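Here the structure comes first, spelled out in structure tokens, and everything after it is commentary.
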Amino acid sequence: MGTPEFAAVSLKAVCEAGIKVSAVVTQPDRPQGRGNLMIPSAVKRVALDCGMPVFQPRRAEEIVDELEAMAPDFILVVAFGQILRSSVLDIPRKCCINVHASLLPAYRGASPINRAIINGEMETGVTTMALDEGMDTGDILLVEKTAILPEDTASELHDRLAESGARLLIETILNFDSITPLKQDSSRATIAAKLTKDSGRLDWSKSGTEIRNLIRGCNPWPSAFTFHQGKMVKIWEARIKESGRAPIAEPGDILRVDSAGIEVAVGDGSVVVTEIQREGKKRMPACEYLRGCTVCEGEKFDRN
């Protein structure tokens, strides 16, 4: 059971490992793009390529009879997008195994990869757990840690964790009978709330580190953004300006514009925006952006 590309990586790995997959359950096709074309999930595409039966119920509980008829040893759940109830959890002979992209109990919830970067964490990882009816509250089976690199975006970290999660899932399946489940310490739990489009709104009064972390953690979605001359501008990359003291300026003030980028005052100094995208245009290096858009020292990036 899974839906996006993160889950598709695990499905491919399980199949390549020779583990029999009786069926795949994924979310219904969704309309996407300007034409509202019905697009299958990444998991569905992999399943069809491998000739596996695909179920797309609105709720997994709708296909309990079909699942019970398969009599599976495991149900593998990776970024499925639904909280499963006992009628599904009780079906497999051994376990419903879930892959979660954090070091549980930290970052339970929908956006663990993004939130770890946004919050400035230096380490994260993947956890396999025995799924229960709570939100990422099940017993921990195996854990694999990884460093969050200073230049990592959410996209780059996502891809590494998808591969790590696939490996850990296979290890969990093959060694399940010898694994001792570990109960989570809920007193140490943190929640990775779902991101919204507004999550990327830049507050220039924050520190340079906080602003840069938000830009990295919102790349590629929902993307960090600000406003200039009444138009929304997405900020894709910025570096902290190393200087002896903070500039005398208001947060959001544009301090300098040159081939290195656009220097902007922040709460504890300044950052240099090096990749940017004006509303309705393509993303590009700041030096190219400045050839087509006038940005002047003394102007301001605003929150709205």
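The values are calculated or read from the model by the stated rules, or taken from the named source; none is laboratory data. As the structure is a computational prediction, the values presented were derived from the model and not from experiment. Reconstructed Cβ throughout: ideal geometry from the backbone, glycine too, with neighbour counts over all protein chains shown.
Some observations on this one:
- Among the residues of region 139-194, the one identified as crowded, with 20+ Cβ neighbours inside 10 Å and of a type in the set (D, E) is D152.
- When residues in region 84-94 are screened for being within 20 Å of R108 (Cβ to Cβ) and crowded, with 16+ Cβ neighbours inside 10 Å, 3 of them pass.
- The set of residues in region 45-77 that are out of contact with any Ser or Thr (no Cβ under 8 Å at 6 or more places or on another chain), among the acidic types (D, E) and at pLDDT 95 or above comprises E62, D65, E66, E68, D73.
- Beta carbons closer than 9 Å, at least 6 apart along the sequence or on distinct chains, pair a first residue in region 89-110 that is among the charged types (D, E, K, R) with a second that is modelled with pLDDT of 95 or more and buried (at least 22 other Cβ atoms within 10 Å of the Cβ) for R108/H100; R108/S102; R108/D136; R108/A192.
- Set Q277, Q229: member being of a type in the set (S, T, N, Q) and surrounded by fewer than 17 Cβ atoms within 10 Å (Cβ to Cβ): Q229
- Selection within region 162-181 - within 20 Å of F80 (Cβ to Cβ), out of contact with any Ser or Thr (no Cβ under 7 Å at 6 or more places or on another chain) and among the aliphatic types (A, V, I, L, M): A162, I170, I173
Quick grid of which residues meet (1) over 18 Å from F227 (Cβ atoms); (2) among the polar types (S, T, N, Q); (3) out of contact with any Phe, Trp or Tyr (no Cβ under 9 Å at 6 or more places or on another chain):
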residue	(1), (2), (3)
G252	no, no, no
E263	no, no, yes
V266	no, no, no
I276	no, no, no
G280	no, no, yes
C293	no, no, yes
G298	no, no, yes
N304	no, yes, no
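- All of (1) closer than 30 Å to A110 by Cβ; (2) in contact with a strand residue (DSSP E or B) (Cβ under 9 Å, 6 or more places away or on another chain) hold for L195 with one exception: (2).
- From the options I248, I240, residue that is touching a Gly at 6+ places or on another chain (Cβ under 9 Å), β-branched (V, I, T) and not assigned by TED's automatic domain parsing to the domain that holds N119: I240
- Some residue of region 290-303 being outside any loop (DSSP other than H, G, I, E, B), hydrophobic (A, V, I, L, M, F, W, C) and surrounded by 15 or more Cβ atoms within 10 Å (Cβ to Cβ): yes
- Residue check for A42: touching a Ser or Thr at 6+ places or on another chain (Cβ under 8 Å) and surrounded by 15 or more Cβ atoms within 10 Å (Cβ to Cβ): yes
- In region 19-39, residue surrounded by the fewest Cβ atoms within 10 Å (Cβ to Cβ) [restricted to those that are over 17 Å from A79 (Cα atoms), at pLDDT 95 or above and not hydrophobic (A, V, I, L, M, F, W, C)]: K20
- Figure legend. Inter-residue proximity from region 253-277: first residues within 14 Å of R291 (Cα to Cα), second residues in a strand (DSSP E or B) and acidic (D, E), beta-carbon distance below 6 Å, spacing 6+ or different chains. Indicated pairs: T274/E237; E275/E237.
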